[in-house]
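The values are calculated or read from the model by the stated rules, or taken from the named source; none is laboratory data. These numbers were taken from a predicted model, which means no experiment stands behind them. Cβ placement follows ideal geometry from the backbone for every residue including glycine, while neighbour counts extend to all protein chains displayed. Protein only, heavy atoms only, side chains kept; ligands, DNA and RNA dropped before computing areas. Shrake-Rupley method; radii C 1.70, N 1.55, O 1.52, S 1.80 Å.
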Amino acid sequence: MLRALVREHRDGLVSYAERMLNDRGLAEDVVQETMIRAWRNIDRLTGMEGSLRSWLFTVTRHLVIDWVRKPHARKEIVGVTYVDAATARDETETVRHAMVVRPLLQRLSPEHRAVLVHIYLRDRTIQETADILGVPAGTVKSRQHNALRKLRHAATAEAA
C-alpha cells in the first residue's frame, strides 16, 4: 500500500511543498517525512473515512509550517528566496478564484479585460499598463474603474 501511495501522490506532494518552500531538495525531505508518517499510521489510514490524499497534503503542510518555525529556518542564506509557508496562499483558494473570476472576466470588453489582467494579474502599474496598451494613463484608470464596477455588478447578479 505504501508503494502505491508514494507512486500516486509523491509528485503532487513535492510540487505542493516546493511552492511553499521554494526549495526542491527541502520539499523532497518534507514529503519523505510525510511518507514515513503515513507508514507509521498505515493501520489507521487503511480504514480511514475521507480522503487519504487530503490527509497527506495536510501532513505535508504541517511539516512545512513546523520547518519554517524552527530557528534554523530563519537564518539568512545568500541567494535563497524565502516564502513564509504560514502566510503563503493556499492554492485551492487560487483555483476557486479562477473558477469564479474567469467567467466574469469573459463578460468584459477586451479593452477592460486587458487593463485588469495587466494591473491585477501581472502586477503592473497604471503607467506600465498604459505603455503596453498604447493608451494614456487616464484611459487606463477609467477602464479600470469601469471594469471593476462591471465586475462587481456581474458578481452581485450571479450571487443572487
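A few comments on the model shown:
- Cα gyration tensor shape of segment 18-59, rounded if a/c is under 1.5, else prolate or oblate by comparing a/b with b/c: oblate
- Accessible surface of segment 1-59, 1.4 Å probe: 46 percent of it comes from carbon and sulfur atoms.
- ³J(HN,Hα) computed for each position of segment 132-148 - Karplus, 6.51 cos²θ - 1.76 cosθ + 1.60, integer Hz, glycine/proline x: 5, 7, x, 10, x, 4, x, 5, 4, 4, 5, 5, 4, 4, 5, 5, 5
- Area of Trp67 that stays accessible when all protein chains are in place (1.4 Å probe, Å², to 10): 70
- Taking 0.36 nm per residue of separation and subtracting the Cα-Cα distance, full extension of the segment from Arg19 to Arg102 would add 27.6 nm.
- Packing rank of 53-60, 26-33, where each peptide gets the mean count of other beta carbons within 10 Å, highest leading: 26-33, 53-60
- Under the Karplus curve 6.51 cos²θ - 1.76 cosθ + 1.60, θ = phi - 60°, whole-Hz ³J(HN,Hα) for segment 36-46, x wherever Gly or Pro sits: 5, 5, 5, 4, 5, 10, 4, 5, 5, 6, 5
- Each peptide among 2-12, 145-155 gets the average number of other Cβ atoms lying within 10 Å of its residues, and from highest to lowest they stand as 145-155, 2-12.
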